[in-house]
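Let me begin by presenting the structure, written as structure tokens, before commenting on it.
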Amino acid sequence: MKVLVTGGAGFIGYHVTKNLQKKGHSVILIDSLITGNEENIPEGVAFYKMDITSPEIETVFIKEEPDIIIHLAAQISVSYSMKNPQEDGKVNIIGTINLLHLSAKYHLKKFIFASSAAVYGTPVRLPIDESHQLMPTSSYGLSKMTSENYIQMYHQSNSLSYTILRFSNVYGPRQTSEGEAGVVSIFLNNAAQDKPIQVFGNGNQTRDFIYVKDVAEACVRALDLGENTTINIGSRTQLSINHLIHTIAKISEKPLSVQFEPAREGDIEHSSLHYSKAREQLDWAPHYTLEQGLREALKEIQRKRRRTHEAGWEKSHSI
Ligand SMILES: NC(=O)c1ccc[n+]([C@@H]2O[C@H](COP(=O)([O-])OP(=O)(O)OC[C@H]3O[C@@H](n4cnc5c(N)ncnc54)[C@H](O)[C@@H]3O)[C@@H](O)[C@H]2O)c1
């Protein structure tokens with residue numbers, strides 16, 4: 001199949017593209033590179049440096065004739081969304097409408113959308129299943145919820161098929177510090193550089209961390225499965241920040257220095273997503289343990305640091 005991946009030069013986009021290529025699909029990427037990176041674009045894909053809010057996106061639909069779209073491009077920072085709700089809405093809502101409009105116009109077989117646990121807001125029960133109330137507490141969560149509503153409207157009015165995937169906190173290699181599990185990347189980077197780790201609150205707050213390769217697998221399964229429905233992609237575990245630090249110390253094989261700071265206003269205390277619907281509809285369950293995922297992520301950080309170090313050494317010794 002010919003799959004158009006928006007946000008394909010990003011963290012999750014890289015792993016989705018690799019998984020698609022492994023399964024023999026041909027991949028087209030659109031990315032503005034605002035947070036994405038050209039290093040995340042594997043060989044053999046057609047790449048268009050474009051903004052999803054721009055009308056020029058239509059040229060890609062005309063030229064490439066994709067069968068399916070996996071829409072990952074987004075403004076991903078919750079704190080940025082609170083300070084710049086207009087820009088968040090422009091990228092996350094207007095950008096999604098632009099893609100929906102073109103997907104309907106050019107009769108794409110399916111629209112697969114990266115949504116987020118942020119649509120639920122503060123949980124009233126745990127683990128959260130898909131029927132939980134939607135009460136986002138951030139502009140980011142609201143822009144994701146609004147996009148979901150537009151997707152359902154396009155399904156009703158244009159028969160555009162869809163799968164909405166609500167990810168929990170995704171972590172793994174190539175992650176930046178911005179997204180919803182950016183904390184893992186920050187902690188791993190600090191551990192690799194022997195810098196102290198800063199924790200807001202007492203560290204007993206919990207999150208549902210899901211490994212990026214598991215998320216990529218769910219996206220690719222949605223090409224054929226999970227027709228016109230909304231599915232959580234999480235691990236169903238409530239993992240405390242203290243446990244995360246303990247596991248990072250274990251795999252780094254050194255003690256970590258931790259600084260506790262006052263809790264930040266608005267931070268959710270506990271979160272965890274049910275994935276039984278993903279099991280039923282996508283035949284999907286998380287495969288990686290936290291320790292396996294963290295080991296792969298740390299290895300990549302160490303590799304990158306070695307490369308940067310070597311490049312610096314070569315530069316300082318060249319004439
Ligand atoms: N990382 C997580 O924990 C997490 C959790 C829930 C949902 N999600 C969702 O998954 C998707 C991918 O997130 P990620 O963590 O890989 O983030 P990322 O920032 O690494 O990837 C997003 C990509 O979108 C691109 N982009 C941003 N605005 C664009 C625009 N206007 N036009 C074209 N490209 C644009 C960026 O350059 C980047 O490459 C996002 O939709 C995000 O909301 C992520």
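A short reminder: the numbers here are calculations on the coordinates, not readings from a lab. Just so we're clear, the structure is a prediction, and the values are computed from it rather than from any experiment. Note that we place each Cβ from the backbone using ideal geometry, even for glycine, and neighbour counts take in every protein chain shown.
Brief remarks follow.
- Degrees, to the nearest 10: 241-252 long Cα axis against longest axis of the chain: 70
- Among Gly24, Gly172, Gly293: highest mean-square fluctuation, GNM of the chain, C-alpha pairs under 10 Å: Gly24
- Relative contact order for the range 85-216, counting Cα pairs under 8 Å that sit 6 or more residues apart, in percent: 25
- Whole-angstrom gap from the range 256-310 to the range 78-94, using each part's C-alpha centre: 24
- Against the chain, whose longest principal axis is taken from its Cα atoms, helix 182-192 shows a tilt of about 30°.
- Placed amide H near Ser116: partners under 5 Å, 5+ positions off or other chain: Phe167
- Projecting the Cα atoms of Asn202, Leu160, His71 onto the dipole axis of the chain, where Lys and Arg carry +1 and Asp and Glu carry -1 at the beta carbon, places Asn202 farthest toward the positive end.
- With the highest mean first, a sort of the peptides 223-236, 297-310, 107-120 on other beta-carbon atoms found within 10 angstrom per residue produces 107-120, 223-236, 297-310.
- Dipole of the chain computed with +1 at Lys/Arg Cβ and -1 at Asp/Glu Cβ about the Cα centre; of Gly141, Thr6, Asn169, farthest Cα towards the positive end is Asn169.
- Assuming charge only on the beta carbon of Lys and Arg (+1) and of Asp and Glu (-1), the dipole of the range 207-319 about its Cα centre is about 560 debye to the nearest 20.
- Relative contact order for the chain, counting Cα pairs under 8 Å that sit 6 or more residues apart, in percent: 17
- Nearest 10 degrees, 0 to 90: helix 290-317 Cα axis against the chain principal axis: 80
- Whether the chain is rounded, prolate or oblate, judged on the alpha carbon gyration tensor where a/c under 1.5 counts as rounded: oblate
- When both bridge partners sit in the chain, DSSP labels roughly 5% of those beta bridges antiparallel.
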